[in-house]
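The values are calculated or read from the model by the stated rules, or taken from the named source; none is laboratory data. Just so it is clear, the model here is predicted, and its values are computed rather than measured. Using ideal geometry, Cβ is built from the backbone for each residue, glycine included, and neighbour counts are taken over all protein chains shown. Heads up: the accessible areas ignore ligands, DNA and RNA and are worked out on the full protein's heavy atoms, side chains in. Shrake-Rupley method; radii C 1.70, N 1.55, O 1.52, S 1.80 Å.
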2 protein chains.
Amino acid sequence: MQETLDHRLEERNIKPTAVRLLVLKAFMAQEAAIGLADLENRFDHADKTTLYRTLKTFEEHKLIHSIDDGTGALKYALCQETCDCAPEDLHVHFLCTVCNKTFCLNDTPIPQINLPTDFSLDSVNMVVKGLCSDCR
Amino acid sequence: MQETLDHRLEERNIKPTAVRLLVLKAFMAQEAAIGLADLENRFDHADKTTLYRTLKTFEEHKLIHSIDDGTGALKYALCQETCDCAPEDLHVHFLCTVCNKTFCLNDTPIPQINLPTDFSLDSVNMVVKGLCSDCR
DNA sequence: GAAGCCTGTGCAACCGGGTTGCAAAAGTGC
DNA sequence: GCACTTTTGCAACCCGGTTGCACAGGCTTC
């Protein structure tokens with residue numbers, strides 16, 4: 001397990017520190033996306049700034065990606081191992097209105113849409129709200 | 001013009017006050033969505049709270065709808081006159097990455113997507129980023 | 001092994017958007 | 001004119017995110 005964690009960090013050129021391994025472990029342990037506040041609660045000895053910067057570091061190195069699900073707080077989820085955070089890696093995110101968990105729907109690519117003429121497309125953020133399988 | 005404004009408010013059961021007429025006028029005058037900060041700048045004599053509550057009132061009465069385009073500040077845009085803010089009134093929003101303006105793509109309904117089994121859909125927020133016709 | 005350096009961590013303080021409480025002002029009905 | 005409701009304005013707060021700065025730890029270089 002420890003090996004896997006180390007490896008996952010090295011793969012993305014991130015030095016494994018205690019905090020980083022802890023945070024990564026949290027991500028590996030659950031499917032739902034994780035916010036800064038979640039980490040603060042889980043590791044109540046660790047400093048908010050450190051956790052914040054850990055997330056930023058992970059994000060910069062494309063180990064995780066951020067999700068703005070409209071709840072007011074950013075969440076983060078592990079990228080696919082092959083992920084390059086390129087447009088084709090974009091996917092739909094799902095927010096359960098009951099348990100408030102956010103999931104990557106990695107198998108649900110963002111559908112193509114037709115823009116008005118003279119508009120060009122760069123990226124798309126698509127968040128679906130509803131009930132997840134646990135809550136319905 | 002004044003008539004139109006009054007009428008538009010009455011239609012939604014909103015009492016026409018000076019501030020409200022001014023704010024509505026601002027919405028009618030431009031296509032792009034408007035945020036609280038925009039209003040504060042435009043009417044630098046008016047109070048932030050008043051403008052805030054004006055927006056809330058308009059939103060409650062479905063004269064405008066809010067748009068979370070991921071820029072960190074909510075924006076608002078006029079609803080269609082027939083709008084009921086029901087699921088079928090949902091549409092795609094477009095954020096120009098250059099001029100930072102946000103538009104309703106009223107003619108672009110949100111495409112249907114397939115959720116994993118046991119997930120049920122409630123609503124969808126879809127924001128497309130790119131270049132608008134003025135900026136490309 | 002001391003001096004210097006770089007990275008990571010922790011604390012405090014700040015920032016901006018949004019929100020609330022409360023009191024004054026404006027409008028409404030009698 | 002008076003009581004009542006609504007709207008407005010000010011102040012203060014909340015919360016998520018962010019920055020500045022100092023310190024700790026590891027590692028090099030002499």
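Scaled to the globular estimate 2.2 N^0.38 Å, the Cα spread of the protein assembly as shown, given as radius of gyration, is 1.15. Computed on protein heavy atoms with a 1.4 Å probe, the accessible areas place B:Val127, B:Val19 in the order B:Val19, B:Val127, largest first.
Net charge near B:Glu59, counting Lys/Arg +1 and Asp/Glu -1 over other residues with Cβ under 12 Å of its Cβ?
Details: positive: B:Arg12, B:Arg53, B:Lys56, B:Lys62, B:Lys75; negative: B:Glu60.
Around B:Glu59, the surrounding residues sum to +4.
Between A:Ala86 and B:Glu60, the modelled labels are 5.0 nm apart [label points 7 Å from Cα along Cα→Cβ]. Taking 1.567 mPa s as the viscosity and 4 °C as the temperature, the Stokes-Einstein diffusion coefficient of region B:79-123 based on its alpha-carbon Kirkwood radius rounds to 103 µm²/s. Within the accessible surface of region A:2-130, defined with a 1.4 Å probe on protein heavy atoms only, the carbon and sulfur portion equals 46 percent. Amide H contacts of B:Val124: A:Lys129, each under 5 Å away and 5 or more positions distant or on a separate chain (H built 1.01 Å from N in the peptide plane; Pro and chain starts excluded).
With contributions of -39500 (n - 2.57) from each DSSP H run of at least four residues, the per-residue ellipticity at 222 nm computed over chain B stands at -9000 deg cm²/dmol. Rounded if a/c is under 1.5, else prolate if a/b is larger than b/c, else oblate: which is region A:1-92, with a ≥ b ≥ c the root eigenvalues of its Cα gyration tensor? Because a/c hits 1.5 or more and a/b fails to exceed b/c, region A:1-92 counts as oblate.
With all protein chains present and a 1.4 Å probe, how do A:Leu21, B:Leu9 order by accessible area, largest first? Working shown, then result.
Details: A:Leu21 30, B:Leu9 0 Å².
Heavy-atom accessible area, descending, gives A:Leu21, B:Leu9.
Every Cα-Cα pair of region A:33-136 was included, and the share exceeding 20 Å stands at 47 percent. The slack between A:Asp47 and A:Ala73, meaning 0.36 nm per residue of separation minus the straight C-alpha distance, is 7.6 nm. Surface burial for B against A, with a 1.4 Å probe and both sides summed, reaches about 2500 Å² of accessible area. Peptide A:103-112 has a mean shielding of 3, counted as Cβ atoms of other protein chains within 10 Å of each residue's Cβ.
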